[in-house]
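*Asks:* Take a look at the following structure, please.
The values are calculated or read from the model by the stated rules, or taken from the named source; none is laboratory data. These numbers were taken from a predicted model, which means no experiment stands behind them. Please note: Cβ atoms are built from the backbone with ideal geometry, for glycine as well, and neighbour counts cover all protein chains shown. Keep in mind that these areas ignore ligands, DNA and RNA; they rest on the heavy atoms of the full protein, side chains included. Shrake-Rupley method; radii C 1.70, N 1.55, O 1.52, S 1.80 Å.
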Amino acid sequence: MDARLNLFGNPVAAKVFRHINSAGKVIGDSTLPAATQELVKIRASQINGCGFCTDMHTKDATAAGETAQRLHLVAAWREAKVFTDAERAALELAEQGTRIADAAGGVTEEAWANAAKHYDEDQLAALVCLIAVINAYNRVNVIVQQPAGDYEPGMFG
């Protein structure tokens, strides 16, 4: 399987990705817990059907010490006992922020208030930006049908 467009060799895509990657670095360097960041990226990628990002972030999470049990349960986090209340709030916000078009009002006040109970203002800003960034990556990869499975942790920096 080949992608419809070589995003890694295209100069326009490379310029755009430099900016998105810079935003991702700001988020990664924030005080939002790294494990939460990976869980959110995985969940949004699952919802969007982005195999490339799902592969990448499950492997990155594994390399960072995340357990297989938690990774296997991300898609069913509501029924799983392995996530903290803060992680559950982040996953709910990620789902609602990813499925914006599915809800007439966007993200509910309840989901926002729950996230705000667990994260300070800077962490909330990082979480919101993370949801936007991973959704951008998911959309690019889904549009070009970027193949999944070959990612190795750290291969992009």
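*Asks:* Restricted to region 138-157, and to residues that are open to solvent by less than 50 Å² (accessible area, probe 1.4 Å) and part of a helix (DSSP H, G or I), which residue is nearest to Lys41 (Cα to Cα)?
*Replies:* Result: Asn138.
Listed here are the residues, each with its yes/no results for (1) hydroxyl-bearing (Ser, Thr, Tyr); (2) at pLDDT below 95; (3) touching a His at 6+ places or on another chain (Cβ under 6 Å).
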{"position": "Gly105", "(1), (2), (3)": "no, yes, no"}
{"position": "Trp112", "(1), (2), (3)": "no, no, no"}
{"position": "His118", "(1), (2), (3)": "no, no, no"}
{"position": "Cys129", "(1), (2), (3)": "no, no, no"}
{"position": "Ile134", "(1), (2), (3)": "no, no, no"}
{"position": "Tyr137", "(1), (2), (3)": "yes, no, no"}
{"position": "Ile143", "(1), (2), (3)": "no, no, no"}
{"position": "Ala148", "(1), (2), (3)": "no, no, no"}
{"position": "Gly157", "(1), (2), (3)": "no, yes, no"}
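*Asks:* Which of the residues spanning region 4-29 are among the hydrophobic types (A, V, I, L, M, F, W, C) and over 21 Å from the mean Cα position of the chain (by Cα)?
*Replies:* Listed by number, the residues that qualify are Leu5, Val12.
*Asks:* Please verify whether Glu66 is of a type in the set (Asp, Glu) and assigned to a helix (DSSP H, G or I), treating the condition exactly as stated.
*Replies:* No: the conditions fail for Glu66.
*Asks:* Of all residues in region 39-55, how many are open to solvent by 30 Å² or more (accessible area, probe 1.4 Å) and not basic (Lys, Arg)?
*Replies:* 6
*Asks:* Which pairs turn up if I take residues in region 95-112 that are without any contact (Cβ under 8 Å) to a residue 40 or more places away in the chain and look for partners that are assigned to a helix (DSSP H, G or I) and of a type in the set (Phe, Trp, Tyr) with beta carbon separation below 9 Å, at least 6 apart in sequence or on another chain?
*Replies:* Gln96/Trp112
*Asks:* Mind listing whichever residues of region 25-37 are open to solvent by 30 Å² or more (accessible area, probe 1.4 Å) and part of a helix (DSSP H, G or I)?
*Replies:* Passing the criteria: Lys25, Val26, Gly28, Ala34, Ala35.
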